[in-house]
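Trainee: Below is the structure I would like to discuss, written out as structure tokens.
Values in this text are rule-based calculations from the coordinates and carry no lab data. All values derive from a computational prediction rather than experimental measurement. All Cβ positions, glycine included, derive from the backbone under ideal geometry; neighbour counts span all protein chains shown.
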Amino acid sequence: MQKTLVSEKLSNGNIINYQVVNGTAYHAETSQEIINILEDARQNRSRIRIFFGDTITGEDWKEENYIMGYIGRSTGSIKIPLLVNNSSSHGGGALLDHCIVKITVDKYTVYQHENYYLGECSILESGIKEYPFSVFIDLKCQANFETKEKAENYIKFLKGERNRI
């Protein structure tokens, strides 16, 4: 893979440095391993799931939205990677490729930060009549659910064992 370096000065004066691989401008801090996986997914039109987080500590941000799709790229002089909803979509949100801590394809982990950490998950009674089950992560309430099964499915979703809540 041929790699070149480019910089972009934003209107606020900030400068973003990119490494361009196969025409796609990845953030300068994105690892080569992640770039290889994203490029493979882009070229082979593989549907992937991205887990964003702190790339220093490996802690997962527990994002629930805009985390699954296909890798595309923007138009313009600097073509950044996009997470495109489905194979027939033409646009999507910019991918925070330098904030990836885990990637799965069909619930199979193809990349995981060496210190990846989701947190300790548990289900407790909430005391809320409409939502009697709470999912706690590291003793902090993450979400409330109508049934224990929905709470269990939510934990499986966060772990990447299922792709929908």
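Trainee: Let's see if you can work this out: charge +1 on each Lys and Arg Cβ, -1 on each Asp and Glu Cβ, no other charges. What is the dipole magnitude of segment 1-155 about its Cα centre, in debye to the nearest 20?
Mentor: Dipole about the Cα centre, nearest 20: 660 debye.
Trainee: Let me ask something else about it. Could you line up 82, 124, 5 from fewest to most neighbouring Cβ atoms inside 10 Å?
Mentor: Sorted ascending by nearby Cβ count, the order is 5, 124, 82.
Trainee: Segment 6-38 to segment 50-69: how many Å between their Cα centroids?
Mentor: Cα centroid to Cα centroid, the span is 18 Å.
Trainee: Taking the convex hull of the Cα atoms, report for the chain its projected area averaged over all directions, in nm². Please report the intermediate quantities before stating the final value.
Mentor: Values: hull surface 45.8 nm².
Averaged projected area of the chain's Cα convex hull equals 11.5 nm².
Trainee: Here is a further query. Return one number: the angle in degrees, 0 to 90 and rounded to the nearest 10, between the long axis of the Cα atoms of helix 32-44 and the longest principal axis of the Cα atoms of the chain.
Mentor: Orientation of helix 32-44: about 90 degrees from the principal axis.
Trainee: Among the chymotrypsin sites (Phe, Trp or Tyr not before Pro) in segment 77-132, which ones are in a DSSP loop with at most 16 other Cβ atoms within 10 Å of the Cβ? Mind listing them? Before the final figure, lay out the partial values.
Mentor: Working: sites: 108, 111, 116, 117; in loops: 116.
When the chymotrypsin sites (Phe, Trp or Tyr not before Pro) of segment 77-132 are filtered for loop state and at most 16 Cβ neighbours within 10 Å, 116 remain.
Trainee: Still on this structure, please answer the following. Within straight cross-link reach of residue 140, meaning Cα distance under 12 Å, which aspartates and glutamates are found once same-chain residues fewer than 8 apart are removed?
Mentor: 120
Trainee: DSSP loop GluC sites (Glu not before Pro) in segment 1-101 with at most 15 other Cβ atoms within 10 Å of their Cβ, which ones? Mind showing how you got there, number by number?
Mentor: Working: sites: 8, 29, 33, 39, 59, 63, 64; in loops: 29, 63, 64.
Answer in residue order: 29, 63, 64.
Trainee: Right, another one. Restricting to lysines 8 or more places apart or on different chains, can you count the pairs in segment 3-112 with Cα atoms under 20 Å from each other?
Mentor: 4
Trainee: Using alpha carbons only, how many degrees (0 to 90, rounded to 10) separate the axis of helix 148-159 from the longest principal axis of the chain?
Mentor: 30 degrees
Trainee: Then there is this: Calculate for the chain the 222 nm mean residue ellipticity that helices alone would give, adding -39,500 (n - 2.57) per DSSP H run of length 4 or more and normalising by residue count, nearest 500 deg cm²/dmol.
Mentor: Here the helix-only value at 222 nm equals -5000 deg cm²/dmol.
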